[in-house]
1. Out of Ala38, Ala18, Ala120, any idea which swings most in a Gaussian network model of the chain, alpha carbons joined below 10 Å?
2. Ranking request for peptides 183-193, 227-237, 83-93: highest mean number of other beta-carbon atoms within 10 Å first, then the rest in descending order.
3. Rg and Dmax of region 87-140, using alpha carbons, in Å: what are they?
4. For region 213-257 and region 136-195, write down the distance between their C-alpha centroids in whole Å.
5. Could you list which residues have their amide H under 5 Å from that of Ala242, counting only those 5 or more apart in sequence or on another chain, with H placed in the peptide plane?
6. Using the Karplus curve 6.51 cos²θ - 1.76 cosθ + 1.60 with θ = phi - 60°, what ³J(HN,Hα) values do you get for each residue of region 29-45, in whole Hz, with x for Gly and Pro?
7. Choose one answer from Asn81, Asn206, Asn144: the residue with the largest mean-square fluctuation in a GNM of the chain with alpha-carbon springs under 10 Å.
8. Where the eigenvalues come from the Cα gyration tensor of region 67-163, what are the semi-axes √(5λ) of the equivalent ellipsoid, largest first, in whole Å?
Amino acid sequence: MSLPDTLSNIRRIDGGFATSIPEDWMQGRTSYGGFSAALALEAARGLAPDLPPLRSAQVSFVGPLSGEVEVRARVLRRGKNASWINAEVTGATGVGLTATFVFMGPVDSSLHLHDVPPPANLVPVADAKQLPEGRGPGFASHFNRRFGLPRTAEPEPQIGWWVQLKDREGLDPMVELMLCGDALPPGVLFMMDGSAPISSMTWLVNLLTPLPATTDGWWLLRSAGNYAEKGCSSQDMAIWNADGEAVAVGMQSIALFG
């Protein structure tokens, strides 16, 4: 079941909605993080029809989410130009995700800085090879995926893939980007010895455009690990559209159980 299908079958409750997480959006024993974050953003957007564009999201993956969940949001503050909204996704075992979203309209600025270039060795989406079918977690079936960076002789702590959501009809562009933005494995994954459980803990996303847009739904996602020690890894993240324009940057902390 796609995200548009899921959202068309929600049940309204006080402060948000209730729904079920489809089995094909699971990642191990919990929901794929991008799916849970997209649900939280959808609840936040539903609080007011006149919210300005989303500019930042701070997400904490607190516990596992599966089956029936409730998604609620509340306004923390509405200023003249910026709004802060908190959202929670709860399941049978309690809170599984918390998020704070910052919505902000454009203001005049004398400063113009756009220093997030795409990787120098980027493989254009038209030339990129498709990832093998059937690999990865169950939720991967909802995406088309292509290798965005050439293979290196030695493993490096970074991953860059082109990702396209198969069913995005009717989705808000920011909700689509939140759903896609967590689709990569950790940047350090291919440097690890063997397989081990992995769990995202926090995710910070800063949006660089009030309205993300790309060609045919293709986004380049890159995760670059800069630290891995004592079971924790930190990574920088970025998203570009098909024309090489940066649309988001972020950071993520990850627990590595092995």
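Each value in this text was obtained by applying a stated rule to the coordinates, not by laboratory testing. Just so it is clear, the model here is predicted, and its values are computed rather than measured. Note that we place each Cβ from the backbone using ideal geometry, even for glycine, and neighbour counts take in every protein chain shown.
1. Result for the chain, Cα springs under 10 Å: Ala120 fluctuates most.
2. The most tightly packed comes first, giving 83-93, 183-193, 227-237.
3. In order Rg, Dmax, the Cα atoms of region 87-140 give 20.1, 50 Å.
4. Centre-to-centre (Cα) distance: 9 Å.
5. Long-range HN contacts for Ala242: Thr215.
6. Using θ = phi - 60°, the values come out as 9, 9, 5, 3, x, x, 5, 4, 5, 5, 4, 4, 5, 4, 5, 5, 4 Hz.
7. Asn81
8. Values for region 67-163, descending: 35, 27, 11 Å.
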